[in-house]
Each structure stands twice: as C-alpha cells, then as structure tokens.
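Input: a single structure, listed below in structure tokens.
The values are calculated or read from the model by the stated rules, or taken from the named source; none is laboratory data. Bear in mind that the values here come from a model prediction, so they are computed numbers and not experimental data. Positions of Cβ are generated from backbone atoms using ideal geometry, with glycine treated the same way; all protein chains shown enter the neighbour counts.
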Amino acid sequence: MNNDRSPIGFDGMKGTTAKDESREISKLDYDLFINLAHTGICRSELSQYLEALIGEVGLLSVAATTTVALAKWPEELPQAPNLRILTVGPDDSLVASDALYYAIRGAARLGRHLVVVLDSVLPANEVLHRLIEEFERDPLFGTVQPRFADAANDHVWPLPDPKQEIDRCPKVTRAGLAVLSAYVITPELLSACVVIRNEVVREMDHTGHGLSSVAGELRLLLCQARRRGYRNLVINHAVIASPLPYGRIYVVPPKADLDMLAMKYPDSALADVWNANLPQRKFEAVLARAYADHASERLSLLLDCRGMQGLHNGTSHAILGLLNGFNELNSAWQISVLAWSAAIEFHRLRERYPKFKLLVDHLEGTYTVGVLLNQPWSLPVVDQLHRHSFFVAFNMLDTISWDILYVCDNKLDALWRFVARFADGFLYISQFTRDRFNARFALHAGVVERISYLSLAADEYVDQDAANEPVGEHILIFGNDYDHKDVRRTLQILVDAFPFNKIVAIGIESAVAPNVVVMPSGHIDQSTLHRLIASARVIVFPSFYEGFGMPVVQGLAYSRPVIVRQSPLWNELAAQLRSPGALVPFDSVASLVEAVGCALAGLPLKALPQGANLGVGESPLRWRDCAQRIIDLADELMSSADGKRWQDREEALQTIRLLGA
C-alpha cells in the first residue's frame, strides 16, 4: 500500500482514530467491506461505482466504515470521511485477504456487523437493514444474505449448485419469488453480498490462513462459524439487482483454495451437498415455469406416456387416442411427450406427432403441469414428475390391479394412498373409475378431479378399409388371460352352447375345441383386428371389471352387437353414446347364451338405451374433447399456483427417501 496516497491509515497510520470514529458514527450498526481487487474493473468504472456508493445507494453516508480493496488507485477519490481505500497486489505490501482482515478487526473492535461485498454489486441501505433485522429471529443465525436478480430482465438467479449448468436452470420472476417462504436456512454460502453478525465477526480468527483469494478466506471463516453453530439465512424477498453474471454473484474460490479448505475442514463438502439439495432449489426450478413472463414458457405441459408399451393393448390405444386429441387442439399449452424408445418406434410417434417435443426414455427440463396418462406404478416415476413439474396429475384408467392383488406388488397400496394425498389433480376415464378410486383411497380436500373419458365417437374407431367387410358367422371374444377378463371360462360356455359356430378368442394362447381360433393379444396386426371386429356376427366382452372398455366402443362403432357382463359402467357409457351397434348386458350363463343366440339368429336384442345424457343434436365426446378436459384441469390448477402442494409433496418424499436410505 502507498501510505502517501491513503487518506486514512492502516492500523495506526495517518487518519482518524477509532475513538473519534466511534464518537461520530456510534448510531450506525454495520461496517462495509468491498473487494474489487480481482474484478478487472477499469478506472472509469471504478470511479462510477464509488460515486454510486455515495449517491445512488447512499451507503457511505450510513455505513460506519467502508473499506474498499483495489488493485489500482482511482484517479479521483470521492469525498467521504468514513471511506478507506486499500490497494493490494504484487506491488503493494498488502494482499486482498489482508484488507478483509483489516475490515474484520475494525468491525470487531466496535461490535458492529460486517457487510462483505465481493464484487461491484450495489446493495441498497434499506436492503442491508432488512437483512440485519433478520438477526433478531435467532441468536445463532450468524450470516444473512439477499437474493440476486439479473439487471437485464429482473429475473432472480437460482441458488447455486455446482453440478447444474446455469443456462439450463430457469430463473424465477419477482412474481414467482413472492410465493417462496420469507427465508431459507443454509450452511455457509458464498455470494457477492453477505452480512456477518457482530458476534460472529468478533470471534473470527484474524491470523489469516494462507489462502490465495478473499473468497477462499471468507469461505473458510464462514465454515468455522458454522462449525461453532452459526447458520446462514437467505432472505428470499430481499433482492439486489446487478448486471454481473451468475459466476460473479455466487463466487467459487480457486481450486487450490478449495483443496486447502477440504484438507482442513472436510465437512465443507457436506455444506455444498446440503446447499445443492435444498428443497427450495428444486421448488424454484418448477416455480419458474408457473410464473414465467411469457405464456409460451408458463403454459408448459408434460404428457408422461411411459405406460405405453411397444405393443397393442388398451393402455397404449388410450394414450394414442389422447395424443391424437391433443394433436387436433389449437391450445396455448406447449406440449412435450415422454415415452420409451420402443414405444416411440413401434407406434411411430415421431411421424404421427411432429409438433410435440419428444423426450426419449429420460425426463428433462421443467414443466408447469406434468400428467401421467395412466395409473402410477412406482414411486420413482411419481418423484420424477414432482421434481420436473410444478403441478402433478394422474389419469386413472381403473383400480383393477389393486383389487385383484395378484398382478401388483405390495407397494401399490401405499403408493396410491400417497398420490391420493399429495397429487394436485386426478383424471378418470369414467365416473365408474372415479367411484372405485374414491371408495378405496382418501383424497386430499385440495385435489382437483375431472372425468375426462376416452373417445365415444363411432367414426374415430372405424378403419375405412375394414368398414365394408361383409359380416361373417364367427363369434368374437375379447380379453386376455387375467381372471377378471373371464375369457377361458366364457369360451368353454360358448363352445358347449354353439359347437358348430366358429369362435375367435383374442387374449389366450391355446384352443379348447376344433371350432376355436385363438389369438394372443398385443401383437395382432391392427388391420387384421379391425376386419375381425367388423366381420363378427357377435362380439362377447365377458370382463367382470373394466374402467372403460375400448373394444366395446369399437365393436359398437362397426354396428356389431356387443354382449357385456352387467355393470354400472355400461349404463354410464351407453348414456354418452350414439353408436350403430347394440350394447347388450348379461348377468348369468343363461342370459349370455340367450343373447349370443339371438344375435346369431338376427333376433331382437335387449340393448341398453343410448344417448340419455346427450342433448338434442349433441355429439358424443371425441378425442380432442377428452384432451381438452385435460387442458381444462391444467387451467384450473394454474388458477391457484401458490406452490403449497408441491412443498408438502416434497417434504413427504424427503421423508420417504430418508426411510429408504
């Protein structure tokens, strides 16, 4: 340091004495240390910055003592009696950390808090006083710091995570920031502005530790404070805007300093892990979506289609139908589709839905609403949706697996009770499915529910190439080998009753009689399947338990009589249908045989009346209508985006992770 240029001396050199200073500014409660030594700031920028400290934010008039560490002496020095300029570097007797300890000693001597600014940010006095007031919350809150906004757009920078690329992490708007709690408690956390409590300042080790940077020295001192029991507070609603890039807002010491710190205090790595895993960090990533400035970013919808497999089954066809519906809509929501690569190739999703963003195998990015288009089967899937989506909703197809038990594991009950408690929304493909789910699981009062249905429009189930297929003589039985589908038992009944009629049974692998053709489900060519349906004399769907029954709607669309086991579901769907086929319920072996016999003979059938719930001229729901109901649920969720459900869900998931650790 060049003492001739210093207006106030260093440790007893020329300048106002500490006693005089104390007498003048005893009403002030903090000192200010600003490190500009390694910022590369030019002389003109430096002069502007110092003038701004005095004029725009007025810090030099309220801080007791302001110490500024510089690499070069300014051409013109602002006039302020409490300003200390220290030049540091190779040509001076001081290094930057000496200037830091000089400021620490001064604040400790007079019992004042110390504001440490590590770059050219301009913290307003009112922000600093708000931060200092937070020390009243707890005597062991040792440091406190604000949030930082990008001055270019006023978006708030995320809290740091060394493993995350900052350009891929959404920034929260001020509106989103208001949703956060007042503060979050962290271990030591380096930033461009930190206020250190006077008791912590007083007990800081003043000897220096040989680290090469102010950031490294400060990080070590804050680590020591935490080891003594002092925690850091981040005040979410106190914001400093700055044009500085993220890397200069949340400072990372040089690697050599970090290595030395890790040798002395290995637990410093634990502090970094703690900060990286803060629930608030995850919350802010999804919060940024819900409160984005532009609708194109804010209205981001994820359709999780991982329940769709690379084969033909009811779940795959339901999901494909819904995707068709979304594809027809002209919605403001930006849609991303997540699916397994095998399903993408098998169902040609790239060719069918070019306007959707397609995610292959892995979930990435953040979304306002994430909808799993089938029931959840594992907690990791729920956890992933939660981490990537502000709102989470599930499309329940049925509760069959839970009821029949033998096809699911013992975790399904706990999983569905969890989602009933912590999901934001539920969709059901029928009122019948909703009633089953609500009777088995207690939904949280805040959950939004909608009946979305699947398409009930006849023309959306007909393949025009098969539409002109002549009606044959075969009986077509639909199902699979699960007991509730009842294909084998029903097949034997029909073989006994109609031994001379051809019977095609879809869903089993072995024939029981010469007049039976069996076709395992899942890989039947779709054109072949449509021709089988269109040409069937009668279709039998003997299932005890369905959530919707797409083959039933499809058979009716081809004007076929469809015989179904009596259930409230069929009455519900019939009331929503206007289809050319006849939906005929049976409730016993005798009534089944009677209905099939009448259909084979062309006799009148006791069909359920259709369209009771449709208005005059009203058409049945189409796929686009079903997709729109999902959009409607997303819109309703957006009307109450306070984030409380997300935070409750995160806390519950954290507990589960802890129990599983």
> Taking the stretch 571-608, which residues are under 21 Å from TRP623 (Cβ atoms) and of a type outside the set (S, T, N, Q)?
Replying inline: GLU572, LEU573, ALA574, ALA575, LEU577, ARG578, PRO580, GLY581, LEU583
>> I want to confirm something. Restricting to the stretch 265-302 and keeping residues that are in a loop (DSSP other than H, G, I, E, B) and acidic (Asp, Glu), which single residue is modelled with the highest pLDDT?
In response: ASP267
>> Among the residues in the stretch 187-200, are any part of a strand (DSSP E or B), surrounded by fewer than 19 Cβ atoms within 10 Å (Cβ to Cβ) and not assigned by TED's automatic domain parsing to the domain that holds PHE390?
In response: no
> Going through the stretch 252-261 one residue at a time, which ones are surrounded by 13 or more Cβ atoms within 10 Å (Cβ to Cβ) and either in a helix (DSSP H, G or I) or in contact with a strand residue (DSSP E or B) (Cβ under 9 Å, 6 or more places away or on another chain) (or both)?
Replying inline: ASP257, LEU258, MET260, LEU261
>> With the requirement that a residue be more than 14 Å from PHE437 (Cα to Cα) and either touching a residue at least 60 places away in the same chain (Cβ under 8 Å) or not basic (Lys, Arg) (or both), what does the stretch 405-414 give you?
In response: LEU405, TYR406, VAL407, CYS408, ASP409, ASN410
> List pairs: first in the stretch 423-435 and more than 16 Å from ILE400 (Cβ to Cβ), second among the hydroxyl-bearing types (Ser, Thr, Tyr) and not in a strand (DSSP E or B), Cβ under 7 Å, 6+ apart or cross-chain?
Replying inline: LEU427/SER452
> For the stretch 630-649, how many residues are in a helix (DSSP H, G or I) and crowded, with 19+ Cβ neighbours inside 10 Å?
Replying inline: 8
> Restricting attention to the stretch 617-631, does a residue exist that is of a type outside the set (Gly, Ala, Ser) and more than 19 Å from TYR453 (Cα to Cα)?
Replying inline: no
> Which helices (runs of 4 or more DSSP H) sit wholly inside the stretch 1-117 and have at least 3 residues that are modelled with pLDDT under 85?
Replying inline: 18-25, 43-54
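Per-residue answers, yes or no, for (1) modelled with pLDDT under 95; (2) closer than 30 Å to PRO620 by Cα:
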{"position": "LEU397", "(1), (2)": "no, yes"}
{"position": "LYS411", "(1), (2)": "yes, no"}
{"position": "PHE418", "(1), (2)": "no, no"}
{"position": "GLN431", "(1), (2)": "no, yes"}
{"position": "PHE437", "(1), (2)": "no, yes"}
{"position": "ARG440", "(1), (2)": "no, yes"}
>> Anything in the stretch 438-459 that is under 19 Å from the mean Cα position of the chain (by Cα) and of a type in the set (A, V, I, L, M, F, W, C)? List them, or say none.
In response: VAL447, VAL448
> Of the residues in the stretch 527-579, how many are farther than 22 Å from GLY472 by Cβ and among the polar types (S, T, N, Q)?
Replying inline: 5
> Across the stretch 535-554, which residue is farthest from GLY611 (Cα to Cα) among those that are more than 40 Å from the chain's Cα centre (by Cα) and crowded, with 24+ Cβ neighbours inside 10 Å?
Replying inline: ALA536
>> Pairs needed: first member in the stretch 124-137, touching a residue at least 60 places away in the same chain (Cβ under 8 Å) and closer than 16 Å to LEU53 by Cβ; second member anywhere, of a type outside the set (Asp, Glu) and assigned to a helix (DSSP H, G or I); C-beta distance under 7 Å; at least 6 residues apart or different chains.
In response: ASN125/LEU59
> Restricted to the stretch 542-572, and to residues that are polar (S, T, N, Q) and in contact with a helix residue (DSSP H, G or I) (Cβ under 7 Å, 6 or more places away or on another chain), which residue is nearest to SER588 (Cα to Cα)?
Replying inline: SER543
> Tell me, which helices (runs of 4 or more DSSP H) lie completely within the stretch 438-542 with 1 or more residues that are basic (Lys, Arg)?
Replying inline: 487-497, 526-535
> Of all residues in the stretch 573-594, which are of a type outside the set (S, T, N, Q), closer than 19 Å to GLU460 by Cβ, touching a residue at least 60 places away in the same chain (Cβ under 8 Å) and outside any loop (DSSP other than H, G, I, E, B)?
Replying inline: LEU573
>> So if I check each of GLU509, GLU460, GLU449, GLU473, which one is within 26 Å of TRP570 (Cα to Cα) and modelled with pLDDT under 95?
In response: GLU473
>> For the list (1) under 23 Å from ILE34 (Cα atoms); (2) of a type outside the set (S, T, N, Q); (3) in the same structural domain as PHE283 (by TED's automatic domain parsing); (4) modelled with pLDDT under 95, I need the number of the one condition that LYS171 fails.
In response: (1)
>> Which count do you get for residues in the stretch 499-531 that are free of Cβ contacts under 8 Å to residues at least 60 places away in the same chain, surrounded by 14 or more Cβ atoms within 10 Å (Cβ to Cβ) and over 50 Å from the mean Cα position of the chain (by Cα)?
In response: 4
> Checking LEU569 against (1) over 24 Å from ASP398 (Cα atoms); (2) out of contact with any strand residue (DSSP E or B) (no Cβ under 6 Å at 6 or more places or on another chain); (3) in the same structural domain as HIS474 (by TED's automatic domain parsing); (4) surrounded by 13 or more Cβ atoms within 10 Å (Cβ to Cβ), which single condition isn't satisfied?
Replying inline: (1)
>> If a residue must be crowded, with 17+ Cβ neighbours inside 10 Å, of a type outside the set (A, V, I, L, M) and closer than 23 Å to LEU385 by Cα, how many such residues does the stretch 262-281 contain?
In response: 3
> If you scan the stretch 347-360, which residues turn out to be surrounded by fewer than 17 Cβ atoms within 10 Å (Cβ to Cβ) and closer than 21 Å to MET550 by Cβ?
Replying inline: ARG348, ARG352
